[in-house]
Amino acid sequence: MGRRGHKLRRPSSLVYVSDVPDPKVERLAQVPLFARCSKRDLEFLASRVDEVSLKPGHTLIREGQPTDSFFIVMTGNVQVTRSGKPAARLGPGEFVGEIGMLDRGPATATVTADGPVEAMVLSHAQLSDAIKGNPSLALPVMAAMAERLRANALA
């Protein structure tokens, strides 16, 4: 509000930072895991996520080894193997490493880039920080973890 209670008008010829869509937020909004998150939640998460480019054959996670990262595939595909046998091929919007986020325990599978991959990645500390700062993120992440654990147990 300006003087005398009049609402200030923004010049239409200017572009304000708050009006420019954040590409990270837009990409996160396309991920089913975060589909129910508010824009505020997504902005908070986007401020903590890193973006990486992975070369074909790059191992993101190695079965049996401690894991500290949660990956969201944005473009390309990753191959998931268990005990050396193909278990799944995951693409854009899908994620890996969520189980290791619980306790930094040994990975339940090996995940390898199946060609060039663009991904968003959160370390255990970044994800923990995001959830502590915005508890509404915890429920969708925990539900996804439970779903994945259940699917693995039934496989």
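The values are calculated or read from the model by the stated rules, or taken from the named source; none is laboratory data. It should be emphasised that the depicted structure is a prediction, and the values quoted were computed from it without experimental measurement. Positions of Cβ are backbone-derived with ideal geometry, glycine not excepted, and every protein chain shown enters the neighbour counts. Side chains included, ligands, DNA and RNA excluded: accessible areas come from the protein's heavy atoms. Shrake-Rupley method; radii C 1.70, N 1.55, O 1.52, S 1.80 Å.
Of the complete DSSP H runs in the chain, none spans 27 angstrom or more by Cα along the long axis with a mean Kyte-Doolittle score not below 1.0. Computed extension length for R62-T75: 2.6 nm, one decimal, from 0.36 nm per residue of separation with the Cα-Cα distance subtracted. Within a straight-line Cα-Cα reach of under 15 Å, K39 can be paired with the following aspartates and glutamates, leaving aside sequence neighbours fewer than 8 residues apart in one chain: D19, D22, E26. Here the chain is assigned +1 on the Cβ of each Lys and Arg and -1 on the Cβ of each Asp and Glu. Its dipole about the Cα centre then comes out at about 680 debye. For the range 24-155, the Kirkwood hydrodynamic radius comes to 14.8 Å, computed from all pairs of different C-alpha atoms. Considering helices alone, the calculated mean residue ellipticity of the chain at 222 nm is -8500 deg cm²/dmol, with DSSP H runs of length four and up weighted by -39500 (n - 2.57) and normalised per residue. Of the trypsin sites (Lys or Arg not before Pro) in the range 68-155, the ones in a loop by DSSP (not H, G, I, E or B) with at most 15 other beta carbons within 10 Å are R104.
Of the residues G93, S47, T81, the one whose Cα sits farthest toward the positive end of the charge dipole of the range 44-116, with +1 on the Cβ of Lys and Arg and -1 on the Cβ of Asp and Glu, is T81. The portion of the accessible surface of the chain made up by carbon and sulfur, rounded to a whole percent, is 55 (1.4 Å probe; DNA, RNA and ligands excluded).
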